[in-house]
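Q: Sending over a structure as structure tokens; questions will come in a sec.
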Amino acid sequence: MDARPPVLAAEGLAVQVGRRDVCRDLNFSLQAGDTLVILGRNGAGKTTLLHTLAGLRDATRGAVLLSGQPYAAWPRGHEACLRGLLAQSQPDFFSATVLETALVGRHPYLGRWDWESPDDEAIALRALAQMGLDGFAERQVPTLSGGERQRLAIAALLVQQPRLYLLDEPLSHLDLHHEISVLDHFRSLAAGGAGVAMVLHDINLTARYASHVLLLDSQGGHVFGRAAEVLTTDTLSAAYGHPLRAITDGPHTLFVPA
């Protein structure tokens, strides 16, 4: 049994945007092996909350703990070896190859004047292959499709090899095959001892892959718990403002608009 502290915890967390509450008095812990999905309507504050959990913005009240400590307690830069964030968009300010972009994920492990080693390059090439981008190493990033660029961003995050993965809409621009491939890969990382928290919009994929769900109601309230406990027609209908009904398909429950 892993005796280490949770990879991520929120204690009495309150987050605001302007005068609007994203969440109030949020308490949860994410253990190694857990996969948490954050759900909610557009504008509910999912990205804002994820960035707070990543240590990129201050909470209004309460604390975020990364592996048992506040972000400020970690030596500068060390938190990047513990948690990685996939942002919602990937701006490309400079021309670069796919391999050069993937290698950005090794930055937390390099000294100020260090260059990437053959081992770093091998890690990057393996991550590219895992995202279906083997053979793309010398391609220029601007020549990629939207889905290929998204998979490259995920590969760069894999190259970082953190203990905690925070993913903001990781399925953007992906077709069905790659959606399932990406979610399968992060489920395998969780099974190997990582913690995963992601923002998704697909309730049925959430039901298939999440161990826990945090549902924001757009008014500062939330429901947190194991996926089977949170994903009910009453709870989802109230949060999304539209009635849903459940359909049983073998071992799976599917949610569709009523």
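All of the numbers you see were taken from the coordinates with simple rules; none came from a lab. Keep in mind it's a predicted model, so treat the numbers as computed, not measured. Here the Cβ positions follow ideal geometry from the backbone for every residue, glycine too, while neighbour counts run over all protein chains shown.
Q: Residues with amide H under 5 Å of VAL199's amide H, sequence separation 5 or more or different chain, H placed in the peptide plane at 1.01 Å from N; which?
A: Under 5 Å from the amide H of VAL199 lie the amide H atoms of ILE38, LEU167, ASP168, GLU169, each far enough along the sequence or on another chain.
Q: How much length is gained on full extension from ALA137 to GLU121, taking 0.36 nm per residue of separation minus their Cα-Cα distance? Can you show the working numbers first?
A: Working: separation 16, 0.36 × 16 = 5.76 nm, distance 1.04 nm.
My answer for the length gained is 4.7 nm.
Q: Of the residues HIS177, HIS107, HIS222, which exhibits the maximal mean-square fluctuation in a Gaussian network model of the chain defined by a 10 Å Cα contact cut-off?
A: Judging by the Gaussian network model, the answer is HIS177.
Q: Next up: How would you rank 6-19, 161-174, highest first, on the average number of other Cβ atoms within 10 Å across their residues?
A: 161-174, 6-19
Q: Counting pairs of alpha carbon atoms under 8 Å apart in space and at least six apart in sequence, what relative contact order in percent does the range 92-187 give?
A: 35 percent
Q: For the chain, what does -39500 (n - 2.57) per DSSP helix run (n ≥ 4), summed and divided by total residues, give at 222 nm, in deg cm²/dmol to the nearest 500? Provide the component values of the computation, followed by the final result.
A: Details: 8 runs with 76 residues, N = 258.
That calculation yields -8500 deg cm²/dmol at 222 nm.
Q: Extending each Cα 7 Å along its Cβ direction at THR47 and ARG226, get the distance between those two points in nm, one decimal.
A: If labels sit at THR47 and ARG226, their model points lie 3.4 nm apart.
Q: Next up: How high is the relative contact order of the chain, in percent, with contacts defined as C-alpha pairs under 8 Å that are six or more residues apart?
A: 26 percent
Q: Distance between the C-alpha centers of the range 42-70 and the range 232-258? Whole Å please.
A: 28 Å
Q: So how far apart, in nm, are the two label points at ASP184 and HIS78 if each is 7 Å from Cα heading toward Cβ?
A: Inter-label distance under the simple model: 3.8 nm.
Q: How much length would be gained if the chain were fully extended between SER89 and SER145, taking 0.36 nm per residue of separation minus their Cα-Cα distance, in nm to one decimal?
A: On the way: separation 56, 0.36 × 56 = 20.16 nm, distance 1.37 nm.
Contour length minus the Cα-Cα distance gives 18.8 nm.
Q: Further, regarding this structure: Please order THR47, THR248 by the number of other Cβ within 10 Å, starting at the fewest.
A: In increasing order of surrounding Cβ atoms, one gets THR248, THR47.
Q: Amide H to amide H under 5 Å from LEU244: which residues, 5+ apart in sequence or cross-chain, H placed 1.01 Å off N in plane?
A: Hits under the 5 Å cutoff: SER237, ALA258.
Q: Amide H of THR60: which non-local residues (sequence gap of 5 or more, or other chain) have their own amide H closer than 5 Å, using H built in the peptide plane?
A: When sequence neighbours closer than 5 places are left aside, the close amide H contacts are ALA14, VAL15, GLN16.
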